[in-house]
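Here's the structure, in structure tokens; my notes come after.
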Amino acid sequence: MKSVATIKDIADKVGVSTTTVSRVLNYDSSLSVADETKKQIFKVAEELSYQKRRKKTPVYRRIAFIHIKTEDEELDDVYYMAIRVGIEEQAANHNIQLLKFLKGEYDRIPKDIDGIIVVGDTFEEQINLLRNITPNIVIIDSYYVADDCDAVLIDFERVTSQILDYLIETGHEKIGFLGGVQTFLNDQPASQEKRETHFRRYMAERGLLNENFIFVQRFNVNSGYQLMKKAISELKDDLPTAFFVGNDPMAIGALRALQEENIAVPERVSIIGINDISISKYLFPSLSTVRIETELMGETAVDLILERLTNERKIAKKVYLETKLMVRSTTKG
């Protein structure tokens, strides 16, 4: 069997020290050596088919990740997919072993875990169960957040205001809502989701709330399509001039329904979604939406765990990430 070339083999053939060879092959800019010698080292390394040995990077920490969605379910709501990707990439960047679990699998979490990240809504009794495993808990995007737990959150009341302020400022008063229901990490029944709650409150405070303009199903493309078809059929000429849509996939489905019915966007109906998924800007017309840095949510959760572990921080943090209204072609300004 052919032996593997080493740094010493190169050093012996070129006539320099192994330290010089190592520093040249690692592009050490502080090394003072003739260019001819560098060229010779690289030439011999190639002739000998030398390959750098990669150091085995030890796992630094082990973190449990409890997700509200399976990867198949994420295809209907890429909001959660992007959060997961952010967690996975940041964990890899810090040599963290990520152990993944779904709702209802708390009993499978190892007792020697360093921290736990929970995505989606949780309840006090669930957090109490997790505290028996580790005090290092980060919650992403939940109604209930315990005082002693870190959290990464989006201010959906602020998001709602960004959308509705803009629509009203641009002349809309008849504004509809397409959204989904709130599901939980246990067997509790679905309930009103926070985007709908904030929409209702905002519109009621301004005397603009119309129950006939609210349509709720699930946060996916097909639901957006079906709900807009239902709105068109039921409301006819009373169809709102604008719709606040709970996420971009729903908005894409709603846009398709409007186009099939030959209802001009934005001339007759304006649409604003939430998330700013990658294809939003490439639709025709391009989708107005609120950008949420979902991958950054996942990254921030990992950072909060590491901060607890490395700095021994005891005081809980609640991190709200900035959101930005992206005005494009499905609204007229």
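Can you give the Kirkwood hydrodynamic radius for the range 203-272, in Å, rounded to one decimal and based on Cα pairs? Don't jump to the answer; show the numbers that get you there.
Details: mean 1/r = 0.0826 Å⁻¹.
Answer for the range 203-272: a Kirkwood hydrodynamic radius of 12.1 Å.
Could you sort the peptides 209-218, 225-234, 135-144, 259-268 by per-residue average Cβ neighbour count (10 Å cutoff), highest mean leading? Each step should come with its number before you reach the end.
Values: 209-218: 16.6, 225-234: 19.1, 135-144: 22.5, 259-268: 13.3.
Answer by packing, highest mean first, reads 135-144, 225-234, 209-218, 259-268.
For Glu312 paired with Asp155, estimate the spin-label separation in nm (one decimal), with each label point 7 Å from Cα along the Cα-to-Cβ line.
Distance between the two pseudo-spin positions: 3.4 nm.
Which whole-angstrom value gives the distance between the alpha carbon centres of the range 88-121 and the range 244-280?
Centre-to-centre distance over Cα atoms comes out at 35 Å.
If one computes the Cα centroid of the range 126-169 and of the range 293-325, what distance in Å separates the two points?
Going from one Cα centre to the other spans 11 Å.
For Phe101 paired with Arg206, estimate the spin-label separation in nm (one decimal), with each label point 7 Å from Cα along the Cα-to-Cβ line.
Distance between the two pseudo-spin positions: 4.4 nm.
Taking only Cα atoms and a 10 Å spring cutoff, compute GNM fluctuations for the chain and point out the largest among Arg158, Arg23, Arg62.
Arg23
Kirkwood Rh, the range 94-197, all Cα pairs: how many Å?
Details: mean 1/r = 0.0622 Å⁻¹.
Result for the range 94-197 stands at 16.1 Å.
Do the alpha carbons of any pairs in Lys13/Lys39; Lys69/Lys230; Lys103/Lys281; Lys103/Lys194 sit beyond 24 Å of each other, and which pairs? Please list the in-between numbers first.
Numbers: Lys13/Lys39 13 Å; Lys69/Lys230 27 Å; Lys103/Lys281 33 Å; Lys103/Lys194 20 Å.
Over 24 Å Cα-Cα: Lys69/Lys230; Lys103/Lys281.
For the range 122-278, compute the orientation-averaged projected area of the C-alpha convex hull (one quarter of its surface), in nm².
Details: hull surface 42.8 nm².
Result: 10.7 nm².
Provide the net charge surrounding Leu48, with neighbours chosen by a C-beta distance below 9 Å and charges set as Lys +1, Arg +1, Asp -1, Glu -1. Before the final figure, lay out the partial values.
Values: positive: Lys13; negative: Asp9, Glu46, Glu47.
Result for the neighbourhood of Leu48: -2.
Need one number: % antiparallel among DSSP beta bridges in the range 212-333, to the nearest 5. Write down the numbers at each step before the final one.
Values: 4 of 11 bridges.
Here the antiparallel bridges make up roughly 35 percent for the range 212-333.
With springs only between Cα atoms under 10 Å apart, run a GNM on the chain and tell me which of Leu178, Leu102, Leu255 wobbles the most.
Leu102
Given the range 238-305 reduced to its alpha-carbon atoms as identical point scatterers, what log10 I(q)/I(0) does the Debye formula return at q = 0.14, 0.25 Å⁻¹?
Results for the range 238-305 at q = 0.14, 0.25 Å⁻¹ read -0.46, -1.06.
So for the chain: antiparallel DSSP bridges make up what percent, rounded to the nearest 5? Spell out each step's value before the answer.
On the way: 6 of 42 bridges.
Of all bridge pairs located within the chain, approximately 15 percent are antiparallel.
Give me the Debye-computed log₁₀ of I(q)/I(0) at q = 0.13, 0.27, 0.32 Å⁻¹ for the range 101-149, equal point scatterers on Cα only, no solvent, two decimals.
For the range 101-149 at q = 0.13, 0.27, 0.32 Å⁻¹, log10 I(q)/I(0) is -0.25, -1.17, -1.62.
Taking 0.36 nm per residue of sequence separation and subtracting the Cα-Cα distance, how much length would be gained by fully extending the chain between Ser32 and Ala264, in nm to one decimal? Let's see the in-between values first.
Working: separation 232, 0.36 × 232 = 83.52 nm, distance 6.92 nm.
Full-extension gain reported as 76.6 nm.
What whole-number volume per residue, in cubic angstrom, does the convex hull of the C-alpha atoms of the chain give?
Details: hull volume 73.5 nm³, N = 333.
Once divided by residue count, the hull of the chain is 221 Å³.
Under 13 Å between alpha carbons, and skipping anything fewer than 8 positions from Lys318 in its own chain: which aspartates and glutamates qualify?
Excluding near neighbours in sequence, the set is Asp141, Asp147, Asp148, Asp150, Asp155, Asp303.
Rg and Dmax in Å for the range 216-333, alpha carbons only: what are they?
Here Rg and the maximum Cα pair distance are 18.3, 61 Å.
Cα extents of the range 125-166 along the three principal axes, largest first, in whole Å?
Principal extents (largest minus smallest coordinate, Cα): 46, 16, 13 Å.
When the chain is modelled as a GNM with alpha-carbon springs shorter than 10 Å, which of Val85, Val118, Val44 fluctuates the most?
Fluctuation is largest for Val44.
Of Gly179, Tyr143, Val118, which is farthest along the charge dipole of the range 105-199 in the positive direction, counting Lys and Arg as +1 and Asp and Glu as -1 at C-beta?
It is Gly179, whose Cα lies furthest towards the positive end.
Within the range 289-333, which trypsin sites (Lys or Arg not before Pro) sit in a loop by DSSP and count at most 11 neighbouring Cβ atoms inside 10 Å? Intermediate values should be presented prior to the final figure.
Values: sites: Arg291, Arg308, Arg313, Lys314, Lys317, Lys318, Lys324, Arg328, Lys332; in loops: Arg313, Lys314, Lys317, Arg328, Lys332.
Passing both the DSSP loop test and the Cβ count: Lys314.
No lab work stands behind these numbers, since they all come straight from the coordinates. Here the structure is a predicted model, which is why all the values come from computation and not from measurement. Every residue, glycine among them, receives a Cβ derived from its backbone with ideal geometry; neighbour counts consider all protein chains shown.
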